[in-house]
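Working notes for the structure below.
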Amino acid sequence: MSDAVGMEQSLVFGLDIGTRNVVGTVGYKDEDNFVVVAQHIMEHDTRAMLDGQIHDIGRVGRTIKKMKEVLEAQIEVPLKEVCIAAAGRVLKTVTTNVVFDFPEETVVTGEDIHTLDLLGIEKAQNILQEMNDTKYKFYCVGYSVVKYFLDDEPFSNIESHKAQRISEDIIVTFLPEDVVDGLYAAVGQADLAVANLTLEPIAAINVAIPESYRLLNIALVDIGAGTSDISITKDGSIIAYGMIPLAGDELTELIVQHYLVDFKTAEYIKLQSSMADKITYKDIMLIEHTITAKEVWELTAPVVEKMTSEVAEKIKELNGGQSVSAAFIVGGGGKIHGYTEMLAERLDLPKERVALRGEEVLQQVIFDQKEKEAEKDPLLVTPIGICLNYYEQRNGFIMVRFNGERLKLYDNNNLTIVDAALQAGYPNDDLFPKRGSELEFFVNGAKRIVRGEPGESAEVYMNGRITNINSPLEPNSDIIIEPSTAGPAAVCTLEQLEEYSADTVSFVVNGSIIRCPKFLEVNGKLEMPSYEIQPGDEIETRSFYTVGQLVTFMDVEVSKEHVILVNNREANFDTLVYENFTIEWTVISYKSSAYMPQNLTPAEEELPEETEMAETASAEATETAATEAAGAETAEKMAAGTEAASTEATENAGTETVATEEASAETPAEAAGTEASGTEASASSDETAEANLLEQEPGTIGILVYINGEPVRLSGKSHYIFVDIFDFYPFDLKASNGRSIITNLNGQNAQYSAELKAGDQIELAWK
């Protein structure tokens, strides 16, 4: 035992939670042998379990805790994890074939085999869901590979071989999730975490029928108190599992009724009947009786006949409708008098081919503990098998509960909560903050997108404490995610547009430059600056004013009795004026926010030449902003008060523009040329948008990234994070099967929340 204590990290604690007894075993594997360093058998205080299923979690939890304390005292090492096996009357098995193709010929690794196993489990789960006609939700509690195939050829072991295709026949076993949950809850109450979960018949067969025997068609029957677990081998593999809810307790209950004793005394009578000729006991009236073993046998014979008949029927069902070549019996219930003989008769086998297996199946088990209470007993077959199964099927698997659903994931030492979410099929949009709906509209023919406001991130809890989605995944943890929320929808007004604040048109009025914001038309209609833009709106900037609108903007009173001149030609309030047009009028009065003469800069002083004006337009942005602020209120009044006039003016714009351009050929022509070139440039830009996508700023039409060498265009958003690629790239997240995803961004491991930029190189694959 001292050697085992020194190997604290490698000790395995196996627990067989039976209907009547709880059997605990602690040991470690030493080459081909399993060394038992501690073991203990403990009865339930009450009937807390029925038919292999926990009915009183609290009582079973307390029994497990006592067992843990006893074993810890034996080995002087704290036990934190336990391997368990499940049983129950509602057992389902599915046999299926699954194939995994490599892109090219590849050396098969252990991880590839684990992936294949998980694909088989997933396929079996889908089959079970389709055929499930019960109210139960089933969970995988064990599986066995019947046969491997390497490039469609059968192989006993495919690891390290080269192949382009691997496949397997696999049998997967399921129990209702509430049965599994009961086991986990009871173990949790004993301050233990589940290291591995298997099925009791799988555990038993790993010990009772060595691989060398599995070429034969053999049935293994593990008779407990509440259930009889059955396994079938053939051609070197385990081909079927089954279970019936008839076992030792059926006999005990009969003895209780017949001899008027409590359940514990009845158990004593049953066991003594196989060990002694006479049994002495006291009934509930405290009257002492002595009976013979033969009397007990005669009493229980009808029940034994019923049990063996149903077991034989189940064996034939699992074996394709025919009997087996031999049957092995293990478990405490296997000691029932006459059981093996009756089962042989029901299976049409010679008596010697149905045998109780005990000490002879434990040849590779070394007992190295102080207490040898159950050494070489058939009762130990299952708990030792539970321990051995840990070495065969742990394979780095961890189990967690995600939003109430139990998951089994392959642990690559890099699992995060995101990996569990992906395997559970949790929507990635519910993990990360969602922006409110975007506002899409058009400005001068170009698409414009305004992003909504971000919402709140998902609230992530692991074992009751708040954490984040990138936190390392803890085995047996309970994960709850409350979905992220969407923020407010995007809102934008005309005055918030860059075109409103930065795009201006200049006029020379009475020798001074006046800069005015360009008007914005929405769907052909002039709107106020406070107009709230709607989806699909088409907004155009107007590069002209009417004289009347200019008067309103400057907030002056102009005499209509005196001549108004535009480019030295007589005009009126409806005359259109364009960039750099000269206007002369007579001002009657200046209102409160008017452009006063003393506050204006003479045109010849500020802009001695037309070309200089163009070059210094950017430098005068501050002055423009101040001007707009002073006239904002006036501009709104102008837009509202002159809309009708401007509409009429717009309809006649073509005629008046031609006439004006003839009278003042130089400046209008240049303005027209500028507008034309701008339109052409816009059209050209639209035509080459896709080609120049990498050079564009994210947020307009999208970004182009490369996923596994393929160009993928991300669109519809103004900002992208790594997880968004799953909305654009055909990657099946449901095919995880416990595997983690390789997520590389520009050659580096990437978090799911990493921001993406145009041209990013992304590698995405199942590990």
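Key figures for this structure:
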{"item": "Those strands (runs of 3 or more DSSP E) lying entirely in the range 504-546 with at least 1 residues touching a residue at least 40 places away in the same chain (Cβ under 8 Å), in the same structural domain as HIS562 (by TED's automatic domain parsing) and under 19 Å from VAL587 (Cα atoms)", "result": "504-509, 512-517, 544-546"}
{"item": "Test: ILE166 is surrounded by 22 or more Cβ atoms within 10 Å (Cβ to Cβ), over 22 Å from the mean Cα position of the chain (by Cα), within 29 Å of ILE17 (Cβ to Cβ) and of a type in the set (Val, Ile, Thr)", "result": "no"}
{"item": "Some residue of the range 240-262 being closer than 20 Å to TYR339 by Cβ, in contact with a Phe, Trp or Tyr (Cβ under 7 Å, 6 or more places away or on another chain) and without any contact (Cβ under 8 Å) to a residue 12 or more places away in the chain", "result": "yes"}
{"item": "Within the range 522-549, tally of residues that are within 25 Å of VAL508 (Cα to Cα), out of contact with any Cys (no Cβ under 7 Å at 6 or more places or on another chain) and crowded, with 19+ Cβ neighbours inside 10 Å", "result": "7"}
{"item": "Residue list for the range 263-296, restricted to those being assigned to a helix (DSSP H, G or I) and over 57 Å from the mean Cα position of the chain (by Cα)", "result": "ALA293, LYS294, GLU295, VAL296"}
{"item": "Pick from the range 325-348, criterion under 16 Å from GLU313 (Cα atoms) and of a type in the set (Gly, Ala, Ser), ranking: surrounded by the fewest Cβ atoms within 10 Å (Cβ to Cβ)", "result": "SER325"}
{"item": "Sole residue being touching a Gly at 6+ places or on another chain (Cβ under 8 Å) and either exposed (fewer than 12 other Cβ atoms within 10 Å of the Cβ) or over 15 Å from ILE255 (Cα atoms) (or both), chosen from LEU318, LEU286", "result": "LEU318"}
{"item": "Residue under evaluation ILE469, criteria (1) in a loop (DSSP other than H, G, I, E, B); (2) β-branched (Val, Ile, Thr); (3) at pLDDT 90 or above, criterion not met", "result": "(3)"}
{"item": "Which listed residue, of GLU440, GLU456, is outside the structural domain of ALA193 (by TED's automatic domain parsing), acidic (Asp, Glu) and part of a strand (DSSP E or B)", "result": "GLU440"}
{"item": "Filter result (among the polar types (S, T, N, Q) and either modelled with pLDDT under 70 or within 60 Å of the chain's Cα centre (by Cα) (or both)) within the range 582-605", "result": "SER593, GLN598, ASN599, THR601"}
{"item": "Members of the range 548-603 that are in a loop (DSSP other than H, G, I, E, B), hydroxyl-bearing (Ser, Thr, Tyr) and touching a residue at least 60 places away in the same chain (Cβ under 8 Å)", "result": "THR575, TYR595, THR601"}
{"item": "Residues of the range 424-442 satisfying the condition of being farther than 30 Å from GLY188 by Cα, buried (at least 18 other Cβ atoms within 10 Å of the Cβ) and either in contact with a His (Cβ under 9 Å, 6 or more places away or on another chain) or touching a residue at least 60 places away in the same chain (Cβ under 8 Å) (or both)", "result": "ASN428, PHE432, ARG435, LEU439, PHE441"}
{"item": "Meets criteria (closer than 24 Å to ILE202 by Cα and either part of a helix (DSSP H, G or I) or outside the structural domain of LEU246 (by TED's automatic domain parsing) (or both)) for VAL60", "result": "yes"}
{"item": "Number of positions in the range 22-60 that are buried (at least 19 other Cβ atoms within 10 Å of the Cβ), of a type outside the set (A, V, I, L, M) and at pLDDT 80 or above", "result": "7"}
{"item": "Residue in the range 88-104 that is assigned to a strand (DSSP E or B), under 24 Å from GLU177 (Cβ atoms) and not assigned by TED's automatic domain parsing to the domain that holds ALA204 present", "result": "no"}
{"item": "The range 130-162, subset in a loop (DSSP other than H, G, I, E, B) and of a type in the set (Val, Ile, Thr), residue nearest to ALA204 (Cα to Cα)", "result": "ILE158"}
{"item": "Qualifying residue in the range 257-280 (condition: within 30 Å of VAL146 (Cα to Cα) and either aromatic (Phe, Trp, Tyr) or not assigned by TED's automatic domain parsing to the domain that holds LYS335 (or both))", "result": "no"}
{"item": "Given (1) touching a residue at least 60 places away in the same chain (Cβ under 8 Å); (2) farther than 18 Å from ASN476 by Cα; (3) of a type outside the set (Asp, Glu), index of the condition ALA195 fails", "result": "(2)"}
{"item": "Subset of the range 264-304 (residues that are closer than 20 Å to GLU43 by Cβ, hydrophobic (A, V, I, L, M, F, W, C) and in contact with an Asp or Glu (Cβ under 8 Å, 6 or more places away or on another chain))", "result": "ALA266, ILE284"}
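The values are calculated or read from the model by the stated rules, or taken from the named source; none is laboratory data. Keep in mind that what you see is a predicted model, and the values were worked out from it rather than measured. Virtual Cβ from ideal backbone geometry, glycine too; neighbours counted across all protein chains shown.
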